[in-house]
Amino acid sequence: MKKYLFATLILILFLSFGFESEGEQERMFYGKTTLKTPVSINTMEEAKFSVNLAYQRGPYFLTDLNAVIDVYPKSASQFVDIEIEPLHPALSPTYTTTFQGVITADSEIPADMIFLSLYYTAKDNRGIIYKSSWTDSSNPIMIKKMEKSSNVATNNQTVNYSNTNDSVYLLKHKQYEYFIPHKISSGKIQNITLDCRDASILIHLDKAKTGNLTINIPKKMLDDERFIVLADGEEASIQTQSNTESSTIFIPLENNQVVEIIAAHYVSQIPQNYPVCGSGDLRSPYYRLLKPIHQFESGVPVTQIQCNEGFIFLIKPNIKFGGCFIMENIDKMYERGWSTPSGSTGVFQ
């Protein structure tokens, strides 16, 4: 009798582990991918990568394919931004799909090399989540940091400023990141603050002595050709040169600590009507549109998040955020429950 009970117990345990194992196996889908990443990337410049996925075995029908991407070392992950285009909405065995992504590294990234690790998830027709049975690992991606350089990339094009000795200050403000070329005879720029309401820029200097500060102000920050400059609270005698993209201001310094640049036309105009902070064309070598998630993190409401030309910002009711989608995919996303934010067309040109 004891032998019978013991055998029965062993059988029950065997069947239990067997079904659990089978359940775990059913939640995996099988295939292979080819991951192509760049050998190196420059900070603050977009670099493309691609993935070719071949679905071989698993549920007959999978939807909501998603790539989960990790960046190593972990200490560098918060300085790396990765965006991928919308993936194919449905997969079945023997189907192959290719998608592309863009990777951008912040200039302050604390690593000279990173690696990407990717796995994939999808849902069957019952809504059960399946995970890929494999994980992709990229080759090492070298990080080339843009420091004290006048080469700035925006909208996938590199622009060389006329004076290669200029340093470039990077200022993130709401929807944009501004590139501010400058040259100072002594000391350095410690911090720059943009005040859209007052149409002014506050510059804090570190160890500046008697000399000069030459600075380019992007028109998208302050669209003016006349400025009032205060050096430690006293108006300074300046010279200005302007073109369609920026205004160059030549400022004399005398051991100053704070310099304020004010748009002169703002004094006589209604603030709401003054073209400042984000007005004008999106294409310029002096600024670029931030990624949607970075706009959101900087305090921009979802109804004011902007996308690059040819993209539309959409949100999904059950999540707090959304993304910029290619125009040709909009109808597909509408069918899957995505919509434009309330009070916004979602289109930003």
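Nothing in this text is a laboratory measurement; each read-out follows from the coordinates by a stated rule. All values reported here derive from a predicted model rather than from experimental measurement. With ideal geometry, Cβ positions are generated from the backbone for all residues, glycine too; neighbour counts draw on all protein chains shown.
Excluding residue 97 itself, what net charge comes from residues whose Cβ is under 15 Å from its Cβ, given Lys and Arg +1 and Asp and Glu -1? Before the final figure, lay out each step's value.
Numbers: positive: 32, 36, 332; negative: 64, 85, 136.
Net charge in that neighbourhood comes out at 0.
What's the local net charge at residue 256, with K and R +1, D and E -1, over the other residues with C-beta under 14 Å away? Spell out each step's value before the answer.
Numbers: positive: 188, 207, 209; negative: 206, 232, 234, 235, 254, 260.
Surrounding charge for residue 256 is -3.
Using 0.36 nm per residue of separation minus the Cα-Cα distance, give me the extension gain between residue 170 and residue 137 in nm, one decimal.
Details: separation 33, 0.36 × 33 = 11.88 nm, distance 3.16 nm.
Working it through step by step, the gained length comes to 8.7 nm.
By the gyration tensor of its Cα atoms, with a ≥ b ≥ c the square roots of the eigenvalues, what is the shape of region 290-335: rounded for a/c under 1.5, prolate for a/b over b/c, or oblate?
Numbers: a/c = 2.79, a/b = 1.37, b/c = 2.03.
Since a/c reaches 1.5 but b/c is at least a/b, the shape of region 290-335 is classed as oblate.
How would region 26-144 be classified by its alpha-carbon gyration tensor: rounded, prolate or oblate, with rounded meaning a/c under 1.5 and the a/b versus b/c comparison settling the rest? Before the final figure, lay out each step's value.
Details: a/c = 2.49, a/b = 2.30, b/c = 1.08.
It comes out prolate by the Cα gyration axes.
Taking the mean number of other Cβ atoms within 10 Å as a proxy for protection, how do you rank 253-261, 324-332 from highest to lowest?
Numbers: 253-261: 18.4, 324-332: 13.9.
Order by mean packing, descending: 253-261, 324-332.
What are the residues whose amide H is under 5 Å from the amide H of residue 172, where those residues sit 5 or more places off or on another chain and H is modelled from the backbone?
Excluding prolines and chain starts, which carry no amide H, the hits are 178.
What ranking do 220-233, 126-139, 291-304 get when scored by the average of other Cβ atoms within 10 Å per residue, highest first? Could the numbers behind the result be given before it?
Details: 220-233: 19.0, 126-139: 14.1, 291-304: 16.1.
With the highest mean Cβ count within 10 Å placed first, the list reads 220-233, 291-304, 126-139.
Can you list the residues of region 220-248 with backbone N under 17 Å from a point 7 Å past the Cα of residue 190, pointing along Cα to Cβ?
231-233
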